[in-house]
Amino acid sequence: MLTLGRAGVDLYPQQSGVGLAEVETFAKSLGGTAANVAVAGARLGLRTATITGVGADPFGGYVRTALRGFGVDDSFVRTVPGTQTPVVFCELFPPDHFPIHFYRRPIAPDQCLTPQDLDLAAVRAARVLWITGSALAVEPTRSTLFAALDAREEGTEVWFDLDWRPVFWADPADAPALYARALSYATLAVGNVAEAEVATGSRDPARAAELLLRRGVRTAVVKQGPAGVLGRTATESHTVPPVPVRAVNGLGAGDAFGGALCAGLLAGEGLRDVLRAANAAGALVASRLACADAMPTRAEIDAALRKEPV
């Protein structure tokens, strides 16, 4: 599996229920959705790599070292001169309020990727190319993403994490057309209700899934928070309830879900079982502070599922 998008450093507070101004200590971990999904997949036994950028600074070295430590190939990570590796802070107000603060200005290295940075042989060879909506926000990475898509053989697996971050866009109104273009390559799309609305214009999960299928994806997955997750193909539809946990930090849950989704589908498991495992993976990470560092093993996912009714 090859992911394309963001990597950086998460500095998350070790005090919960207070704003950043009152936080006393932070814990450092690897972050960024493309990195997180690659780590989550590696933790579940996949061979993974990520296409991203880091700055020529100590945090860039940390990102590379952390990726390798988690078993993720960092061969396609570009060091971009004149940029700083992104840092992300959040605030913890469980159970469902986790404001996030991105330090990526004036431009982040993952937004500076060019088509020349692509190893097209690796892009073609990957079993899955996992792309992210945030990579569409800024040139030249936008063109690089489409160059990667054009390099894939028609019908091979392109899985689109809708990953909507409006703060990255100069004009968020540009996003729907670019999402539609990316969807024309995708075989799977996954996102929450707000992300599905950007891609389809509908906040209704069933309608959004139907519209994603009409755009050409073979599998549509719409995450609904406390209402669970909806997965649809042309021949089946499943709504799977969430796995209840005591939330600590919900920000990495979607990336854990994505990694488990990849692992299960690539293993040939049925969609309903894959969604149950992905829900459990997301819940486990939501019960922990970090994102990449907190990705669960298969044994942990299975243990969580044994506590839930089938």
TODO: Just need a number here: residues in region 122-170 that are open to solvent by less than 20 Å² (accessible area, probe 1.4 Å), within 24 Å of LEU213 (Cα to Cα) and polar (S, T, N, Q).
DONE: 2
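Yes or no, residue by residue, for (1) on the phi > 0 side of the Ramachandran plot; (2) surrounded by 14 or more Cβ atoms within 10 Å (Cβ to Cβ):
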site: PRO172; (1), (2): no, yes
site: ALA177; (1), (2): no, no
site: ALA182; (1), (2): no, yes
site: ASN192; (1), (2): no, yes
site: VAL198; (1), (2): no, yes
site: LEU213; (1), (2): no, yes
site: GLY216; (1), (2): yes, no
Task: Matching residues in region 201-210 - criterion: being open to solvent by 20 Å² or more (accessible area, probe 1.4 Å) and closer than 22 Å to GLY155 by Cβ - done: GLU210
- [ ] Filter region 26-47 for residues that are open to solvent by less than 10 Å² (accessible area, probe 1.4 Å) and either part of a helix (DSSP H, G or I) or over 15 Å from LEU289 (Cβ atoms) (or both) and give the result.
- [x] THR33, ALA34, ALA35, ASN36, VAL37, ALA38, VAL39, ALA40, GLY41
Task: Breaking point among (1) within 17 Å of the chain's Cα centre (by Cα); (2) surrounded by 21 or more Cβ atoms within 10 Å (Cβ to Cβ), for GLU91 - done: (1)
- [ ] Would you confirm whether any residue within region 4-23 is crowded, with 18+ Cβ neighbours inside 10 Å and either part of a helix (DSSP H, G or I) or of a type in the set (Lys, Arg) (or both)?
- [x] yes
Open item on the list: Pairs needed: first member in region 36-47, touching a residue at least 12 places away in the same chain (Cβ under 8 Å) and under 13 Å from TRP130 (Cβ atoms); second member anywhere, in a loop (DSSP other than H, G, I, E, B) and among the basic types (Lys, Arg); C-beta distance under 8 Å; at least 6 residues apart or different chains.
Closed with: none
Open item on the list: Regarding region 76-94, can at least one residue be identified that is closer than 22 Å to VAL285 by Cα and touching a Lys or Arg at 6+ places or on another chain (Cβ under 8 Å)?
Closed with: yes
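The values are calculated or read from the model by the stated rules, or taken from the named source; none is laboratory data. Here the structure is a predicted model, which is why all the values come from computation and not from measurement. Counting neighbours? That spans all protein chains shown, and the Cβs are built from the backbone with ideal geometry, glycine included. Accessible surface is based on the protein model in full, side chains and every heavy atom, while ligands, DNA and RNA are left aside. Shrake-Rupley method; radii C 1.70, N 1.55, O 1.52, S 1.80 Å.
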